[in-house]
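J.: Right, I'll just put the structure down here and ask away after.
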2 protein chains.
Amino acid sequence: MKWEIEEILALISEKKYTEVREKIINLNPVHIGEIIENLDLSEAILIFRMLPKDLAVDVFNYINTEFQEKIIYSITDKEIKHIIDELYFDDMIDLLEEMPAKVVKKILQNSNVEERKLINEFLNYPESSAGSLMTIEYVDLKKDMTIREAIEHIKFTGINKETIYNCYVIDGHRKLEGIVSLRKLILSDYDLRVEEVMNKDVVYVNTHQDQEYVAGIFKKYDIIVVPVVDKEDRLTGIITIDDIIDVIDQENTEDFQKMAAMAPSEEAYLETGVWTLAKNRLTWLIILMLSATFTGGILKKFEDVLQSVVVLTFFIPMLMDTGGNSGSQSATLVIRSLALGEIDEKDTLRVIMKELGVSLIVGVILSFVNFLRIYYLQGTDLMVSLTVCITLLFTVVLAKIVGAILPIVAKKIKVDPAIMASPLITTIVDAGALMVYFSIAKLLLNI
Amino acid sequence: MKWEIEEILALISEKKYTEVREKIINLNPVHIGEIIENLDLSEAILIFRMLPKDLAVDVFNYINTEFQEKIIYSITDKEIKHIIDELYFDDMIDLLEEMPAKVVKKILQNSNVEERKLINEFLNYPESSAGSLMTIEYVDLKKDMTIREAIEHIKFTGINKETIYNCYVIDGHRKLEGIVSLRKLILSDYDLRVEEVMNKDVVYVNTHQDQEYVAGIFKKYDIIVVPVVDKEDRLTGIITIDDIIDVIDQENTEDFQKMAAMAPSEEAYLETGVWTLAKNRLTWLIILMLSATFTGGILKKFEDVLQSVVVLTFFIPMLMDTGGNSGSQSATLVIRSLALGEIDEKDTLRVIMKELGVSLIVGVILSFVNFLRIYYLQGTDLMVSLTVCITLLFTVVLAKIVGAILPIVAKKIKVDPAIMASPLITTIVDAGALMVYFSIAKLLLNI
């Protein structure tokens, strides 16, 4: 594929346009998009105009926003109108959301009143709702059609539908009565009626439902398209699986960001400005920095212990880091299991018992390794070594239990579990670990 | 839906089986599966046997492994054979991989020599290769068929195919010549030949390619199924998008686990034993614990500074935590952008410049807030306050630059960037931060 693209780019630079056209129109639209993105604007427009109209729209859909914008500015209003008319409705809405106001105006000027009303309605669905994901190009059928009639209807109206693989059976008020796949239609006796082969146990979502919920429905039912109904149960659109894959990536990115103590952002990293990036990171950093004051306060409280046995200070970073890492492991597993629906609140006790077991095993082994190192290898005082190792065991257990419980508690009180990830847990566990450290030190070292 | 399930469960407990059957056969297989999972084994088997055979297979596919196993043990060999015959090949392979050896034996006894050979071949594809995801139920066409013949062929052979929405055009040696969607066939003139409507720029993958690569192909081309070819370019199977969604979830889970310093595991949390969980977490905890020794060593080296100005100790946790959090933010964004293909090596300089900008903004604000707190509110000595705040600024910059660069370097040397996440970066940044802290302290405090 790479080779073919190179070849066509060479032909373009040699201005052998007839040959270019011949080769290019047989390519996958994604590959044509890649070629266009590699050209100067004037050449890109030339190649773009060379494409048959329907292919041009497909290609337009696959090139990056920056280039889309340039193309919109460089082509005639008539050409813009054609792109608008041929783009699927959801792709057009996405386009409008990404383009600067000037471009949006230019596009809206080229659509009629009816379209403009619909566009505004769609632009108003809350971001990340089912409504914002759906498109309006679906096939609807009536239940008293024969399958032969249904297939004729699909042949007649299907050209501009985003998918024809699932058809929706609606009544006179557009209420959803059933669903039938093209597969079922094709494989059935053509004289049967749609009603006889349609599935009445229809899986659907509502326009206001969250995209994460919608993604869950796709996973649960292994479907490739889901119908969307409005408050009055009328069919208003469909959501196709290609958009759901984007949702899954986006939700995961948000979780990664929250777990690293950042405000989630949808924009790609390189396209986000320095100030926005800084703003997204600052809030949590300030909160966590101020919380770390408590830890400093504990050190201050035990100033006398620290001054009489300075060597205790040297193990503070190791205890803090190991506590943070242990807690972050548990929190991550629990947050992820909650997100994938593998565990819920009723599993709390099982999770705690599991983490207790794991933390005891891990804690004992770590303490043992650490004892070998600091007592035998470094020749640290026996009582100090014991203080460090007992604290280490305690810290690992505390970290893992806190790390496992906090995300579940968060979910119960309707807070996103992802924010209960390592940074917050580290701060909590630090304080606990140091309290225990100095208490044990006082006891064992008679300070 | 919930209500309907409750109603049917009630009918079952009243033993009104005729009514149950009537209601249940119109339900979505996923919902029937939910009902069965709510029953005792004997009732579950009863309901399962009540289903029309094809529906029974669909339902079987949606119930959990534990219940599947119980059902296999409780039904006759003839019934097992029917399930095996009707399951899609990829689902059967998944089933075999999850069942205990005894069950696998029982299942294999019920398949013929030919099938057993194919099963063994599929069980041998490396885990997470394209081969391990594919199924063999696809529709193949010849290029000289008319579309009418092609549709008749699909009607005749399509019943047992996992998808009929994409058909593959192959030559006499099973080499892939083109692809045509059912949509294209239905919407075209039935007298045309397949060759005239098929797409020759076919997107395909190889059996040995990694599942993450395959998922990337689905995203890039917005496709719902991809053909898989063997080393000799012969069509050997197809991968459908429902399996890709599982792959995306799985790859994300692995990244979450690696980023929290754990060995990745595919098993669900609650189904993983305590010893396995402990083992997955121990390696990194030990490595990081031992690395934290360096940090302790730095404290030891500056013992004199610590002893003369004990107050410096109190700010160590805050400096370490803030450094860790800052670095983890940058590392997470970069790791995620690398995983989604939004950035690559050639963007290294842009990333560094961006992080430099962000870290200066964030660092200055954090230092300022911190200065207000420790100098004005807590009345800390001016020179100590300055030492802490200058170190804080330096730590944030260091953490963000290191956090951004390490994942890119990892990718360059073919190591998974995800392991360069917060735990490792925290350990590195801790050491750097403390070195600077004491150097500045020595300078400003004349120790």
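J.: Consider A:Phe315 carefully, then state whether it is touching a residue at least 24 places away in the same chain (Cβ under 8 Å), outside any strand (DSSP E or B), open to solvent by 10 Å² or more (accessible area, probe 1.4 Å) and facing another protein chain (nearest Cβ under 7 Å).
T.: Spelling it out, A:Phe315 is indeed touching a residue at least 24 places away in the same chain (Cβ under 8 Å), outside any strand (DSSP E or B), open to solvent by 10 Å² or more (accessible area, probe 1.4 Å) and facing another protein chain (nearest Cβ under 7 Å).
J.: Can you pull out the residues in the stretch A:318-328 that are free of Cβ contacts under 8 Å to residues at least 24 places away in the same chain and more than 7 Å from chain B (Cβ to nearest Cβ)?
T.: none
J.: If you don't mind, there's one more thing I want to ask. Take the residues in the stretch B:361-385 that are closer than 18 Å to B:Val351 by Cα and open to solvent by less than 10 Å² (accessible area, probe 1.4 Å); name whichever of them is nearest to the chain's Cα centre (by Cα).
T.: B:Val362
J.: Among the candidates A:Glu345, A:Glu355, which residue alone is in contact with a helix residue (DSSP H, G or I) (Cβ under 9 Å, 6 or more places away or on another chain) and more than 10 Å from chain B (Cβ to nearest Cβ)?
T.: A:Glu345
J.: Next up: Restrict the check to the stretch B:386-399 and report whether at least one residue is within 31 Å of the chain's Cα centre (by Cα) and open to solvent by less than 40 Å² (accessible area, probe 1.4 Å).
T.: yes
J.: Same structure, new question: If you go through the stretch B:45-55, how many residues are open to solvent by 20 Å² or more (accessible area, probe 1.4 Å) and part of a loop (DSSP other than H, G, I, E, B)?
T.: 1
J.: Going residue by residue through the stretch B:293-312, is there one that turns out to be open to solvent by 50 Å² or more (accessible area, probe 1.4 Å), assigned to a helix (DSSP H, G or I), free of Cβ contacts under 8 Å to residues at least 60 places away in the same chain and of a type in the set (S, T, N, Q)?
T.: Yes, because at least one residue in the stretch B:293-312 is open to solvent by 50 Å² or more (accessible area, probe 1.4 Å), assigned to a helix (DSSP H, G or I), free of Cβ contacts under 8 Å to residues at least 60 places away in the same chain and of a type in the set (S, T, N, Q).
J.: Follow-up. Restrict the check to the stretch A:260-279 and report whether at least one residue is assigned to a loop (DSSP other than H, G, I, E, B), touching an Asp or Glu at 6+ places or on another chain (Cβ under 6 Å) and farther than 19 Å from B:Ala399 by Cβ.
T.: yes
J.: Further, regarding this structure: Within the stretch B:109-126, take every residue that is open to solvent by less than 60 Å² (accessible area, probe 1.4 Å) and in contact with a Gly (Cβ under 9 Å, 6 or more places away or on another chain) and give me the one that is nearest to B:Ile72 (Cα to Cα).
T.: Selected residue: B:Phe122.
Listed here are the residues, each with its yes/no results for (1) in contact with a strand residue (DSSP E or B) (Cβ under 8 Å, 6 or more places away or on another chain); (2) of a type outside the set (D, E, K, R); (3) loosely packed, with under 12 Cβ neighbours inside 10 Å.
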| residue | (1), (2), (3) |
| --- | --- |
| A:Leu11 | no, yes, no |
| A:Lys15 | no, no, yes |
| A:Thr18 | no, yes, yes |
| A:Arg21 | no, no, no |
| A:Leu27 | no, yes, no |
| A:Ile32 | no, yes, no |
| A:Asn38 | no, yes, no |
| A:Glu43 | no, no, no |
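J.: Only residues that are in contact with a Cys (Cβ under 9 Å, 6 or more places away or on another chain) and more than 9 Å from chain B (Cβ to nearest Cβ): list them for the stretch A:358-373, please. Can you show your working first?
T.: Of the stretch A:358-373, the ones in contact with a Cys (Cβ under 9 Å, 6 or more places away or on another chain) are A:366-368, A:370-371.
Passing the criteria: A:Ser367, A:Phe368, A:Phe371.
J.: Just checking, which of B:Leu176, B:Leu182, B:Leu192 is over 30 Å from the mean Cα position of the chain (by Cα) and open to solvent by 20 Å² or more (accessible area, probe 1.4 Å)?
T.: So the residue among B:Leu176, B:Leu182, B:Leu192 that is over 30 Å from the mean Cα position of the chain (by Cα) and open to solvent by 20 Å² or more (accessible area, probe 1.4 Å) is B:Leu192.
J.: Listed residues A:Tyr125, A:Tyr165; which is more than 14 Å from B:Leu187 (Cα to Cα) and at pLDDT 85 or above?
T.: A:Tyr125
J.: I'd like the residue in the stretch A:57-87 that is open to solvent by 60 Å² or more (accessible area, probe 1.4 Å) and of a type in the set (Phe, Trp, Tyr) and, out of all such residues, is farthest from A:Leu270 (Cα to Cα).
T.: Ranking the candidates gives A:Tyr73 first.
J.: I'm trying to understand the selection: among the residues of the stretch B:150-172, which are open to solvent by 20 Å² or more (accessible area, probe 1.4 Å) and either more than 25 Å from B:Asp243 (Cα to Cα) or over 32 Å from the mean Cα position of the chain (by Cα) (or both)?
T.: B:Glu152, B:His153, B:Lys155, B:Phe156, B:Thr157, B:Asp171, B:Gly172 - these are the residues of the stretch B:150-172 that are open to solvent by 20 Å² or more (accessible area, probe 1.4 Å) and either more than 25 Å from B:Asp243 (Cα to Cα) or over 32 Å from the mean Cα position of the chain (by Cα) (or both).
J.: Right, another one. Can you find a residue that is within 14 Å of chain A (Cβ to nearest Cβ), in contact (Cβ under 8 Å) with a residue 40 or more places away in the chain and of a type in the set (Asp, Glu) anywhere in the stretch B:84-102?
T.: First, the residues of the stretch B:84-102 that are within 14 Å of chain A (Cβ to nearest Cβ): B:87-88, B:90-91, B:94.
Of the ones still in play, those that are also in contact (Cβ under 8 Å) with a residue 40 or more places away in the chain are B:88, B:90-91.
Now drop any that are not of a type in the set (Asp, Glu), which leaves B:90-91.
Yes: the stretch B:84-102 contains one or more residues that are within 14 Å of chain A (Cβ to nearest Cβ), in contact (Cβ under 8 Å) with a residue 40 or more places away in the chain and of a type in the set (Asp, Glu).
J.: If a residue counts only when it is closer than 26 Å to A:Pro52 by Cα, which helices (runs of 4 or more DSSP H) contained entirely in the stretch A:82-133 have at least 3 such residues? Before the answer, list the steps.
T.: Numbers: elements: A:89-98, A:101-109, A:113-123, A:130-133.
Counting at least 3 such residues, we get A:89-98, A:101-109.
J.: Given (1) within 34 Å of the chain's Cα centre (by Cα); (2) free of Cβ contacts under 8 Å to residues at least 40 places away in the same chain, identify the lone condition not met by A:Met50.
T.: Here A:Met50 clears every test but (1).
J.: Further question on the same structure: Can you tell me which residues in the stretch A:389-446 are polar (S, T, N, Q) and part of a helix (DSSP H, G or I)?
T.: Hits for the stretch A:389-446 are A:Thr391, A:Thr395, A:Ser422, A:Thr426, A:Thr427, A:Ser439.
J.: Which residues, counting only those in the stretch A:216-269, are more than 18 Å from B:Ile343 (Cβ to Cβ), modelled with pLDDT under 90 and open to solvent by less than 10 Å² (accessible area, probe 1.4 Å)?
T.: A:Ala261, the sole residue that qualifies.
J.: Which pairs turn up if I take residues in the stretch A:329-344 that are assigned to a loop (DSSP other than H, G, I, E, B) and look for partners that are modelled with pLDDT of 90 or more with beta carbon separation below 6 Å, at least 6 apart in sequence or on another chain?
T.: What qualifies is A:Ile343/A:Ser337.
J.: Here's another thing I want to ask about it. For the subset of the stretch B:231-252 comprising residues that are in contact with a strand residue (DSSP E or B) (Cβ under 9 Å, 6 or more places away or on another chain) and not aliphatic (A, V, I, L, M), which member is nearest to B:Asp416 (Cα to Cα)?
T.: Of everything passing the filter in the stretch B:231-252, B:Asp243 is nearest to B:Asp416 (Cα to Cα).
J.: Take the conditions modelled with pLDDT under 90, within 7 Å of chain B (Cβ to nearest Cβ) and open to solvent by less than 20 Å² (accessible area, probe 1.4 Å) and apply them to A:Thr272. Does it pass?
T.: No; evaluated as a whole, the condition is false for this residue.
The values are calculated or read from the model by the stated rules, or taken from the named source; none is laboratory data. From a predicted model like this one, the values you see are computed outputs, not experimental measurements. Ideal geometry is used to build each Cβ from the backbone, glycine not excepted, and the neighbour counts take in all protein chains shown. Each accessible area value is taken on the protein alone, full model and side chains, heavy atoms only, with ligands, DNA and RNA left out. Shrake-Rupley method; radii C 1.70, N 1.55, O 1.52, S 1.80 Å.
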